[in-house]
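*Asks:* One structure is given below, represented as structure tokens, and several questions about it will come after.
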Amino acid sequence: MPQMIFVNLPVTDLVRSKSFYEAIGFSNNPRFTDDTAACMVLSDAVYVMLLTHAKWAQFTSRKIPDAHTSAQVLLCISRDSPQAVDAIVEKARKAGGNPDPTPRQDLGFMFGRSFEDPDGHIWETVWMDTAAI
């Protein structure tokens, strides 16, 4: 079995967050979705669990930071081309996200941008020309 990653994110409005992630290309796995959590699938190995604050509290007693004013993680996903990087950031903007909360990067062999989801979680998107590295 390949290794998988499950990123768990606390969200304030599950329906809004689920719609946002669907708009940027994630699909919902209804087997692991209810009124407290939504399993959003990016690939066969990458899943994002959107959890209401009440559901989040079942896993940890630690305080949920306000991702609009602080950052605990920067999430990064790869894209197949610089155009695909631009496309997902534009989809995020159209779906209510904030484009480019971190600086754009264009190093020739690598191109990256970022977006915030409605709860302020920052996702970086990057394309790399591995042959040029």
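*Asks:* With a bin width of 10 angstrom, please list the P(r) values of the chain as percents of all Cα-Cα pairs, from the 0 bin to the one holding the largest distance.
*Replies:* 12, 42, 34, 11, 1
*Asks:* All other residues with a Cβ under 12 Å from the Cβ of I24 taken together, and with Lys, Arg as +1 and Asp, Glu as -1, what is their net charge? Mind showing how you got there, number by number?
*Replies:* Details: positive: K18, R79, K91, R93, K94; negative: E22, E90, E116, D117.
Computed value for this residue: +1.
*Asks:* With a 1.4 Å probe and all protein chains left in place, how much of the accessible area of the chain comes from carbon and sulfur atoms, in whole percent?
*Replies:* Roughly 53 percent, rounded to a whole number.
*Asks:* Looking at the chain, how many pairs of lysines come closer than 18 Å at the Cα, when each pair is eight or more places apart or spans two chains?
*Replies:* Values: K18/K55; K18/K91; K18/K94; K55/K63.
Taking the chain as the scope, the lysine pair count is 4.
*Asks:* Moving on. Using helices alone, I'd like the mean residue ellipticity at 222 nm for the chain: each DSSP H run of four-plus residues gives -39500 (n - 2.57), total over residue count, nearest 500.
*Replies:* -5500 deg cm²/dmol
*Asks:* Using unit Cβ charges (K, R positive; D, E negative) and no other charged atoms, how large, in debye to the nearest 20, is the dipole of the chain about its Cα centre?
*Replies:* The calculated dipole for the chain is roughly 260 debye.
*Asks:* What number comes out for accessible area per residue over segment 54-94 if the probe is 1.4 Å? Units Å², please. Mind dumping the intermediate values first?
*Replies:* Details: 3100 Å² over 41 residues.
On a per-residue basis, segment 54-94 sits at 76 Å².
The values are calculated or read from the model by the stated rules, or taken from the named source; none is laboratory data. Because the structure is predicted, anything quoted here is derived from the model rather than measured. So basically every Cβ, Gly included, is an ideal-geometry build from the backbone, and we count neighbours across all protein chains shown. The accessibility values were calculated without ligands, DNA or RNA, using every heavy atom of the protein model including side chains. Shrake-Rupley method; radii C 1.70, N 1.55, O 1.52, S 1.80 Å.
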